[in-house]
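Take a look at the structure below.
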Amino acid sequence: MLMSSEVQVPELLKSLSVPLAPIPTDEVPALKKLSGIRALVFDVYGTLLCSGVGDISTDQATDREPALRAAIEALGFKLLDAKTRLRALWVLEVQVHQSFRRDDGVDYPEVDIRLVWKTFLERLLKQGLIEGVFDESMLDRISVEYECRVNPAWPMPGFAELLAALRSARMPLGIISNAQFFTPLLLESLAGGSLANLGFEVPACVWSYQLLEAKPSTSLYELAAHYWKESHGLNTHEILYVGNDLLNDIWPAQQVGFKTALFAGDARSLRWRKGDKRIAGVRPDIVLTELKQIGSCIA
């Protein structure tokens with residue numbers, strides 16, 4: 001069992017988070033009444049939260065070498081090599097951990113980012129690329145230090161008002177998200193309350209890092225569907241899933257039978273996946289450009 005960092009993760013998340021506004025899209029909302037909806041399930045990054053890269057950090061696209069080095073230094077390590085691209089070694093480490101799950105037959109592997117950091121820092125120390133004393137109590141903190149630098153997050157406009165309205169209406173809520181251990185803590189820190197107090201049923205929250213399997217695997221949605229059936233007697237067509245990605249969110253949700261809403265309120269995170277043959281013919285039931293539009297579709 002990994003030890004917790006001496007620095008409290010919620011406090012660190014709050015201190016490293018800065019306001020972030022969505023970038024408007026040119027999308028036109030496609031709204032209609034969806035009858036018989038008895039529960040709502042949300043994606044997190046790019047849907048409930050504005051995300052700097054539109055999703056949980058995947059270490060693609062932008063140059064993250066400075067952020068990686070800053071996170072390592074924040075833990076008190078001394079960098080001994082200015083030339084070696086540490087980010088290339090980091091990406092390789094993530095891929096090694098993903099390969100373990102692929103060997104187990106998982107098509108869309110997820111990692112526990114703390115385990116990646118553990119083997120990565122041990123490797124850097126062994127190779128003489130950094131200097132310092134490592135122990136596992138650092139893993140929570142360095143995970144957060146890096147993520148907040150490369151993928152800042154902030155509540156989407158209308159987030160608090162929507163959850164308040166849904167709580168008032170006694171609408172059961174859940175989450176299905178590609179995530180790491182800090183994701184639920186980030187939600188709680190930014191919203192100022194526990195998941196339960198925000199209105200979410202904690203057993204209805206499915207996080208990819210716990211399963212070591214990521215969206216668009218339908219396994220996450222099947223697990224959620226089982227919960228709603230067993231705990232509330234709900235069939236999947238009575239559940240609306242809200243996400244920003246046609247492949248990772250809408251396609252697997254529809255495969256399991258959920259009604260779907262594509263959130264198109266932020267250009268950073270909106271993923272139509274045009275040209276991707278895997279989602280040919282896939283269309284959401286509704287398209288939202290603001291979170292508050294959900295209310296008029298399920299009332």
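The values are calculated or read from the model by the stated rules, or taken from the named source; none is laboratory data. The model shown is predicted, which means the values in this text are computed figures rather than measured ones. Reconstructed Cβ throughout: ideal geometry from the backbone, glycine too, with neighbour counts over all protein chains shown. We work out accessible area using only protein heavy atoms, side chains counted, and drop any ligands, DNA or RNA first. Shrake-Rupley method; radii C 1.70, N 1.55, O 1.52, S 1.80 Å.
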Accessible area expressed per residue, region 17-120, with surrounding protein chains retained (probe 1.4 Å, Å²): 49 Å²
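In whole percent, what relative contact order does region 58-189 give with Cα contacts below 8 Å and a gap of six or more residues?
On the way: 79 pairs, mean separation 38.0, N = 132.
Once normalised by length, the contact order is 29 percent.
Under 8 Å for C-alpha pairs, at least 6 residues apart: give me the relative contact order for the chain, rounded to a whole percent.
Values: 534 pairs, mean separation 90.3, N = 299.
So the answer I get is 30 percent.
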Spherically averaged projected area of the chain from its Cα convex hull (nm²): 15.8 nm²
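Using the per-residue mean of other Cβ atoms lying within 10 Å as a proxy for protection, in what order, highest first, do the peptides 230-238, 82-90 fall?
Working: 230-238: 14.6, 82-90: 13.0.
In decreasing order of mean packing, 230-238, 82-90 become 230-238, 82-90.
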Rounded tilt (10° steps) of 182-191 against the dominant C-alpha axis of the chain: 60 degrees
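Per residue, what accessible area does region 213-283 have, given a 1.4 Å probe and all protein chains present, in Å²?
On the way: 2860 Å² over 71 residues.
On a per-residue basis, region 213-283 sits at 40 Å².
With a 10 Å radius around each residue's Cβ, average the other Cβ atoms per peptide and rank 187-194, 202-209, 175-182, highest first. Let's see the in-between values first.
On the way: 187-194: 17.2, 202-209: 19.1, 175-182: 24.6.
Ranked by mean Cβ neighbours within 10 Å, highest first: 175-182, 202-209, 187-194.
When a/c reaches 1.5 or more, the comparison of a/b and b/c decides; with that in mind, is region 148-298 rounded, prolate or oblate per its Cα gyration tensor?
Values: a/c = 1.23, a/b = 1.12, b/c = 1.10.
Taking the square roots of the gyration eigenvalues as a ≥ b ≥ c, region 148-298 is rounded.
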Inter-label distance for A280 and V91, nm, one decimal - labels placed 7 Å from Cα along Cα-to-Cβ: 3.0 nm
Filter on K32/K277; K32/K292; K33/K274; K14/K259; K33/K277 - keep pairs with C-alpha separation over 22 Å: K32/K277; K33/K274; K14/K259; K33/K277
Region 136-257 - percent of accessible surface contributed by carbon and sulfur, probe 1.4 Å: 50 percent
Acute angle (nearest 10 degrees) that the helix 139-150 long axis makes with the longest principal axis of the chain, alpha-carbon atoms: 70 degrees
Lysines with Cα under 18 Å of K126, excluding same-chain neighbours fewer than 8 positions away: K78, K83, K118
Angle in degrees between helix 86-103 and the longest Cα principal axis of the chain, rounded to the nearest 10: 60 degrees
Simple spin-label estimate for K33 and V133 in nanometres, 7 Å along Cα-Cβ: 6.8 nm
